[in-house]
Amino acid sequence: MQEKIIKRLVAKQLKKEFPDWRRLPKKKKKQLAELALKEAVATYDANMESNASLSELTGTPVPPAGIIGLNEMEGFIEKTTRCLLKFPVKRWQKHYDDPELREIDGLLDDRVLNELLAPEGFTPCMREIYPCHYVRAELLKALRYSGMSYRNYCKDVINRLDSKRQRAFIHLPLHKSRQIDHTQLSHFRRGLNMTQMVNLTVYMVHLLVKSGKISHPFRICGIDSTDLAAVTCPRPLATLTLPNRKKVRIYAELDADCGKRRKKRDKSEYFVGYRLHTLVAFDAQTGANYPIVNLMAPANHHDNLFLPQLVAFAHAMGLRLDVITADEGYIDPEQNEEINKKYGVRVIAPASEKVNPPEYVDAHSGAVYMSGSCETAMRYLGRTETGHEFGCSNQACFHAPNCPRCREIRLDSGLFGQIPDQIEQVNNVRDIRKHMERCFNLAKHREGLEPLRVKSRHAAMAAATFAQMATLVLEIVGTRRTPKKEDKPIQLKIA
């Protein structure tokens, strides 16, 4: 933890004293990073570890004020689009014959986008470009031109008068040259605050639920992460080895860090950048998955630090969750139990092989017995405050007169998690987590989130938000989804 706190101190100091950090030459950045790193180590106090919050330690924001809940979004849209006089609206759809763009254009309302993303003090008078134009430009790039750079995209697609289909989707005038420069898109992404990005996500989730693709509350959700390498900072500016042999590395992107990549055949074991943690909602009827909450963090943090933060954001967004399935990286019995008590959400993770089963429990089948001489497995009765309760209903047992026929097993990371393996369909819920790879592959390869062309964690979070937006609108219109054979619905009975 010491190296993480020192890195956060250095990044905070450099951001505060040098607001134009990105424009400094590399030699100057290296000198400043080395000096700030030495000062942070000299002023480090061990009491900082106990006072550091989880959000400060990981460099991620807490749920901000001003978030519009999912149950409030319908009223917000109705209030924003209500008008006494209905003036004629330009029919942009007649300028392109693409059915996919036509359906996506019909989903989005410019008045709602402007109300959600307008900065403080925004006055629509005498303006030519509105937030809705930037959102549509970002969305169109993710949908059709993800492989292009922003410079070429603006020059060759948006700002050409003969590109009527593209300009009509963005709602730019077709008879005069009103341009959107790539620097304007960069300032727009950088100017979005966390509240605006979360509200835009809530708007997309509202459209998803309204389309009937999935129902709310979300019965089964999953959480996983993916690697996003930053192409602008391959080598650190300053490096220092602490007495505990941990290294502190400062990169040109102050929030980026070195993390261990999942094993890939054609890629190195380590990478420099960020890790995108995503909460995904599953449709038990079709097996489809929909990303609903994103969180961007440096690559050197353990996964289990972000489960409570994602659930907190989902709660602030007004999302109701029942069960979350995760991999071994999110196993933390105490932390998961706090999430269950605070939010009413239970976490299902694979049983750890390092945890030995309790006494008189079959390690292969998970059957629970009262003693070593019992031949009848006990049945699951339900949860207690500290564990799970099992009972025996065999009245013909030889030990029945002197047997309490009731046993409690405490929570662990093995066979007796928040939902024990004795519950039917628990293994199916664990297997459904494998479908989460689809949403990550779509966001990285189809929506162009990889390679990551932005130069800060905040801009990377904005890019991930627009990639998630593109994924959801395509899932709603269903123009690119390959029809699959329907699986049997998963019905999880929680005692």
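Structure notes:
- Given (1) surrounded by fewer than 20 Cβ atoms within 10 Å (Cβ to Cβ); (2) at pLDDT below 90, index of the condition Ala230 fails: (1)
- Residue within the range 412-430 that is among the aliphatic types (A, V, I, L, M), buried (at least 16 other Cβ atoms within 10 Å of the Cβ) and under 30 Å from Ala256 (Cα atoms) present: no
- Qualifying residue in the range 347-361 (condition: closer than 29 Å to Leu319 by Cα and β-branched (Val, Ile, Thr)): yes
- Whichever residue in the range 158-175 is assigned to a helix (DSSP H, G or I) and open to solvent by less than 10 Å² (accessible area, probe 1.4 Å) and, among such residues, is nearest to Ser186 (Cα to Cα): Ile158
- Candidate set: the range 287-311, residues that are free of Cβ contacts under 8 Å to residues at least 60 places away in the same chain and open to solvent by 10 Å² or more (accessible area, probe 1.4 Å); chosen: the one farthest from Gly212 (Cα to Cα): His302
Condition check ((1) within 20 Å of Gln425 (Cβ to Cβ); (2) of a type outside the set (A, V, I, L, M); (3) at pLDDT 85 or above) across all residues:
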| position | (1), (2), (3) |
| --- | --- |
| Ala326 | yes, no, yes |
| Gly329 | no, yes, no |
| Ile348 | yes, no, yes |
| Gly382 | yes, yes, yes |
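- Yes/no for Ile409 being under 20 Å from Val347 (Cβ atoms), among the hydrophobic types (A, V, I, L, M, F, W, C), crowded, with 16+ Cβ neighbours inside 10 Å and touching a helix residue (DSSP H, G or I) at 6+ places or on another chain (Cβ under 8 Å): no
- Listed conditions (1) of a type outside the set (Phe, Trp, Tyr); (2) modelled with pLDDT under 90; (3) closer than 16 Å to Ile220 by Cβ are all met by Pro291, apart from (2).
- Qualifying residue in the range 320-330 (condition: open to solvent by 30 Å² or more (accessible area, probe 1.4 Å) and either free of Cβ contacts under 8 Å to residues at least 40 places away in the same chain or in a helix (DSSP H, G or I) (or both)): yes
- Single match in Ser163, Ser215 (criterion: over 30 Å from Pro19 (Cα atoms), at pLDDT below 90 and polar (S, T, N, Q)): Ser163
Table: residues versus (1) open to solvent by 10 Å² or more (accessible area, probe 1.4 Å); (2) in a strand (DSSP E or B).
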{"residue": "Ile180", "(1), (2)": "no, no"}
{"residue": "Gln184", "(1), (2)": "yes, no"}
{"residue": "Leu200", "(1), (2)": "no, no"}
{"residue": "Ile223", "(1), (2)": "no, yes"}
{"residue": "Val248", "(1), (2)": "no, yes"}
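- Complete set of residues in the range 109-142 that are at pLDDT 90 or above, open to solvent by less than 40 Å² (accessible area, probe 1.4 Å) and over 20 Å from Leu174 (Cα atoms): Val112, Leu113, Asn114, Leu116, Leu117, Ala142
- Considering residues of the range 339-355 that are touching a helix residue (DSSP H, G or I) at 6+ places or on another chain (Cβ under 6 Å) and part of a helix (DSSP H, G or I) only, the residue surrounded by the fewest Cβ atoms within 10 Å (Cβ to Cβ): Tyr343
- When the residues of the range 356-368 are filtered to those that are modelled with pLDDT of 85 or more and not acidic (Asp, Glu), the one that is surrounded by the fewest Cβ atoms within 10 Å (Cβ to Cβ) is Asn356.
- Residues satisfying the stated conditions in the range 231-248, i.e. out of contact with any strand residue (DSSP E or B) (no Cβ under 9 Å at 6 or more places or on another chain) and either basic (Lys, Arg) or within 14 Å of Leu35 (Cα to Cα) (or both): Arg245, Lys246
- Of the residues Ala284, Ala314, the single one that is open to solvent by 10 Å² or more (accessible area, probe 1.4 Å) and of a type in the set (A, V, I, L, M) is Ala284.
- Ile5 being outside any helix (DSSP H, G or I), crowded, with 18+ Cβ neighbours inside 10 Å and out of contact with any strand residue (DSSP E or B) (no Cβ under 9 Å at 6 or more places or on another chain): no
- A search for C-beta distances below 9 Å between a residue of the range 204-219 that is under 19 Å from Ile68 (Cβ atoms) and any residue that is among the basic types (Lys, Arg) and not in a helix (DSSP H, G or I), counting only pairs 6+ apart in sequence or on different chains, returns His216/Arg320; Pro217/Arg320; Phe218/Arg320.
- Within the range 384-425, the set of residues being touching a strand residue (DSSP E or B) at 6+ places or on another chain (Cβ under 6 Å) and not in a loop (DSSP other than H, G, I, E, B) comprises Gly387, His388, Glu389, Phe390, Gly391, Cys406, Arg407, Glu408, Ile409, Arg410.
The values are calculated or read from the model by the stated rules, or taken from the named source; none is laboratory data. Here the structure is a predicted model, which means the values were calculated and not measured. All Cβ positions, glycine included, derive from the backbone under ideal geometry; neighbour counts span all protein chains shown. Side chains included, ligands, DNA and RNA excluded: accessible areas come from the protein's heavy atoms. Shrake-Rupley method; radii C 1.70, N 1.55, O 1.52, S 1.80 Å.
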